[in-house]
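This report concerns only the one structure given below.
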Amino acid sequence: MRAPQTLPSSQFLLLQTSSKTFVKTVNIASRIIPRLTLLSRQATRTMATTSSTSTPQPAPWKQAFLKDLDKMDSPEFVFSSLHAAPKDSPTPYLPRARYCIFRGFWAELPENKHNEAPMNPRVFESEMPTFTSDVRMMKVPELFSSGSGHADKEEQMQGSGGGGPCEAVYWIKETGTQWRLKGEAFVVGPDIEGESEQSKESSGVRTVKSELGSRMRIVDEGKQGEWSWNKELTAHFGNNSPGLRGSFKAPPPGKPTSEPYDDKNLALGTKVEDLNDPVARKNFRVVVIKPEEVEQLDLSDPTKARRQVYIYQADGTWKQEERWP
C-alpha cells in the first residue's frame, strides 16, 4: 500500500485559502439569494398589479342609456339597497327601494344656467350615475352598514364612505326599454376634502377617492390640478333649486312628529339661497353608483325583444352578451 502523499506547504496554504474563500462565498450567497428571490417575487407582484390596473374604457352602453333618459319627462329611477334585518330575522338584510332622480354622471354635472356654484373644468368623465340624498335618510346608513367596512355606529356614517351593494332600475315607457344597473354605491360628504394631508383623511374618504377614482377617465390632463372633489360636491348642491336645497333643513325624515327636534334651524318649506348654508350642507350628500353590470332590456317589439348585458372587466373594458328577455 502506498503511503498518502503530503502536499507541499505552499499548495496546502493555497488550498486552505481557497476553501475559506469558497465557504465565505457560500455564506454570502446564502444571504443574497433569498433576498434576490424576495425582490423577484415583489417585482412579479408589482408587475401583476400594474398590468391589472387599467384605464377604464368608455362604456358601449352609455350613449344609448342617455338617449333613452332624454325621452323621459323626469329621469326617475328605483334605487334599492340592503337594510340590516332585526336580530331575530332568518336573513341578515332586507330589501329597501325608493324613487330617486338621476343627476348626471359623476364628474360630468350637466350645465344649468340657474346653478351659481363654481364648476369644475371638464377634466374627467365616467359611467357612474349620481343622485342626491340627505344623510338622515335610511339609504345612507344602509350603504355604510352593508359595505365592506360594515359601519354600524352613527358617527361612522356622517362623512364620506359606504360602498354597499345596490341596484338602480329605470323604465323608459317612451321607448319600451328597461335599464338595470348593479354595483356599489358610495357617499360623498362634506369631509371629502376636509384635510389637505392624506394621512388625516378618514378611511371612508380614502375609499371613496380610490373606488370612484378608478373609474374616472382623464380627458384634459392639463387642467387636472384645477379639479376638486369639494367643488364637485358644491356644484351638485347648487344644481338643486332653492326649495330642494331647503329640504335639507327639514325636520328629521322618518321621525315621529311628536318627538322634539331642532325647530330653531329645521322647518318645512324652507328655501336656501346660500350655497354654503351650514345646516343644509351638513345634511347634503351625493351618492355615486359604481356599476359592475348593466342590463338593457328592449321590449319595444315583442318579436325582437332582447336583453343586452354589459359586464365590467378587470382590464377596464366591458364584455357584452346578448340574452333572451
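Observations, loosely collected:
- Pair list, Cβ < 8 Å and 6+ apart or interchain, from the stretch 206-226 residues that are over 17 Å from Gly163 (Cα atoms) to residues that are surrounded by 12 or more Cβ atoms within 10 Å (Cβ to Cβ) and of a type in the set (A, V, I, L, M): Ile218/Val123; Val219/Val123; Asp220/Val123; Glu221/Val123; Lys223/Val123; Gln224/Val123; Gln224/Ile218; Glu226/Val123
- The selection criterion, being buried (at least 21 other Cβ atoms within 10 Å of the Cβ), within 18 Å of Val288 (Cβ to Cβ) and modelled with pLDDT of 95 or more, holds for Gly161.
Okay, residues lined up against (1) of a type in the set (S, T, N, Q); (2) touching a strand residue (DSSP E or B) at 6+ places or on another chain (Cβ under 9 Å):
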site	(1), (2)
His236	no, yes
Leu244	no, yes
Ser247	yes, yes
Pro251	no, no
Pro256	no, no
Asp274	no, no
Val279	no, no
Phe284	no, yes
Val287	no, yes
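- Pairs linking a residue in the stretch 251-262 that is without any contact (Cβ under 8 Å) to a residue 60 or more places away in the chain to a residue that is among the β-branched types (Val, Ile, Thr) and assigned to a loop (DSSP other than H, G, I, E, B), with Cβ atoms under 8 Å and 6 or more positions apart or on different chains, are Pro251/Thr257.
- Single condition Ile172 does not satisfy, out of (1) more than 28 Å from Arg217 (Cβ to Cβ); (2) surrounded by 12 or more Cβ atoms within 10 Å (Cβ to Cβ): (1)
- Residue within the stretch 37-48 that is at pLDDT 90 or above and among the hydrophobic types (A, V, I, L, M, F, W, C) present: no
- Residue that is surrounded by the most Cβ atoms within 10 Å (Cβ to Cβ), among those in the stretch 277-311 that are farther than 21 Å from Trp171 by Cα and in contact (Cβ under 8 Å) with a residue 40 or more places away in the chain: Arg285
- Residue check, Glu142 part of a helix (DSSP H, G or I) and either surrounded by 13 or more Cβ atoms within 10 Å (Cβ to Cβ) or in contact with a Pro (Cβ under 9 Å, 6 or more places away or on another chain) (or both): yes
- Scanning the stretch 79-105 for residues being under 16 Å from Leu69 (Cα atoms) and assigned to a loop (DSSP other than H, G, I, E, B) gives a total of 3.
- Scan of the stretch 191-202 for residues that are surrounded by fewer than 20 Cβ atoms within 10 Å (Cβ to Cβ) and modelled with pLDDT of 95 or more, ordered by number: Asp191
The values are calculated or read from the model by the stated rules, or taken from the named source; none is laboratory data. From a predicted model like this one, the values you see are computed outputs, not experimental measurements. We place every Cβ from the backbone using ideal geometry, glycine too, and count neighbours over all the protein chains shown.
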